[in-house]
Amino acid sequence: MTAISRCRWWVVQLAVLALIALGTTFALEIADPQQAQAQSSVRPPAGAVTQGAPGGPVGGEVPGGSMGNLSDSETWRAIRKGVQGTVSIPDKNAGQLVQSEGDNWRAMKNGPISTWGVIGLAAMLILLTLFYLARGKILVDHGMSGRTITRFGDIERMGHWLLAVSFIILAITGLNITYGKYFLLPVLGKPAFATIAGAGKWLHNYVAFAFMAALAMIFVLWIKENFPNKYDFQWLLKGGGMFVKGSHPPSKKFNAGQKILFWLVILGGLSLALSGIALLFPFQTSMFADTFAILNVFGFGLSTDLTPLQEMQLATTWHTIIALVLIVVVIAHIYIGTIGMEGAFDAMGTGEVDENWAKEHHSVWAKDTIKSRSKGSRNGRAAAAAE
């Protein structure tokens, strides 16, 4: 047999084999489409609906063939809606493959919350800059007298500075968690940013306990001075005298503005502490479900059937919102206590303030304090003379 004849013979054999394979595949497709799909390497398109025969295994095969009795679209639709499966591992949360609320949580955190947070911070800085340019530093109209009176004792100042320093650390590390990936990551690069972010996370977690302790301290020390009185409304009507030179509405130890700040810090700080504890010890609390149950007494109609993961998402969202609000408010407080008002820093710096400063900004308190001090001095001199 010549070489050409042998080639023709192999071509004929290959053609016959190809026809046999094609015929077999065609026959299987007609007889059982699902079996053909199981033997073929080509998968059906996503969402294809293939109905299988009811009943149990037949001849060792799974009911419905390789596609089962339900379509892919139905199965994935249920998974996408968060259907809960069962797992044998300790973490039962793993039974839920897809948690749809996670998309909503991420979109809100990286969208409106981050955006409005930046707007709030920028707006406060711009307002304070414009106020300083228009009003300048608020000076003591009658000048410093050179005589001082004690405004805050050592324990009060310790509580204030513990709260202030811990809050600043928490604010910086918290802002890095929310905005670091947008501002620091492109500048520092991934390795440096990862180191800073990791250290900031640990610092944030542990400094939080100092913040909680300081919050309790100032609450106990100043609660009695921060209830409303008859002078507060007048102080608010005059804007605290900050917008008009020579305007000094009467005030006791804390004016209306300081009282508002006090309650914002106490209530906001408490809220941060509770939501922070929920985040420090994940999946251990049901704070929002319990809170919603109380609110529902007043007709809010909030869902109390929250999964542990939903609790964590709500805690993160609430923690971020309250933190951003407090940061914006505290920026204004820092401004007034430093460059915004003459003599204000001394109250927490040394604890002693000038008499004229006290008379202009806290006239009722200053009068009572000076009177009490004078009375004490007279009694002391009388006692010394009697001896």
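Before moving on, here are some points about what is shown:
- Some residue of the stretch 219-228 being at pLDDT 95 or above, surrounded by 15 or more Cβ atoms within 10 Å (Cβ to Cβ), part of a helix (DSSP H, G or I) and touching a Gly at 6+ places or on another chain (Cβ under 8 Å): yes
- Flag set for Y231, criterion: in contact with a Pro (Cβ under 8 Å, 6 or more places away or on another chain) and either free of Cβ contacts under 8 Å to residues at least 12 places away in the same chain or part of a helix (DSSP H, G or I) (or both).
A quick yes/no check of all residues on (1) touching a residue at least 12 places away in the same chain (Cβ under 8 Å); (2) not in a helix (DSSP H, G or I); (3) not aromatic (F, W, Y):
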{"position": "L267", "(1), (2), (3)": "no, no, yes"}
{"position": "I277", "(1), (2), (3)": "no, no, yes"}
{"position": "Q284", "(1), (2), (3)": "no, yes, yes"}
{"position": "F288", "(1), (2), (3)": "yes, no, no"}
{"position": "T304", "(1), (2), (3)": "yes, yes, yes"}
{"position": "A315", "(1), (2), (3)": "yes, no, yes"}
{"position": "I334", "(1), (2), (3)": "no, no, yes"}
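- Set H204, H160: member being of a type outside the set (A, V, I, L, M, F, W, C), crowded, with 17+ Cβ neighbours inside 10 Å and either free of Cβ contacts under 8 Å to residues at least 40 places away in the same chain or at positive phi (or both): H204
- Scanning the stretch 69-103 for residues that are loosely packed, with under 13 Cβ neighbours inside 10 Å and under 17 Å from W318 (Cα atoms) gives a single hit, D103.
- Among the residues examined, F167 qualifies as more than 17 Å from G351 (Cβ to Cβ) and either out of contact with any strand residue (DSSP E or B) (no Cβ under 6 Å at 6 or more places or on another chain) or not charged (D, E, K, R) (or both).
- Residue check for I370: open to solvent by 60 Å² or more (accessible area, probe 1.4 Å) and assigned to a helix (DSSP H, G or I): no
- Of everything in the stretch 281-302 that is out of contact with any helix residue (DSSP H, G or I) (no Cβ under 6 Å at 6 or more places or on another chain), open to solvent by 60 Å² or more (accessible area, probe 1.4 Å) and under 15 Å from T316 (Cα atoms), the residue that is modelled with the lowest pLDDT is Q284.
The values are calculated or read from the model by the stated rules, or taken from the named source; none is laboratory data. Keep in mind that what you see is a predicted model, and the values were worked out from it rather than measured. Because the Cβ atoms are built from the backbone with ideal geometry, glycine has one as well, and the counts that use them run over all protein chains shown. These accessible areas exclude ligands, DNA and RNA; they are computed on the full protein's heavy atoms, side chains included. Shrake-Rupley method; radii C 1.70, N 1.55, O 1.52, S 1.80 Å.
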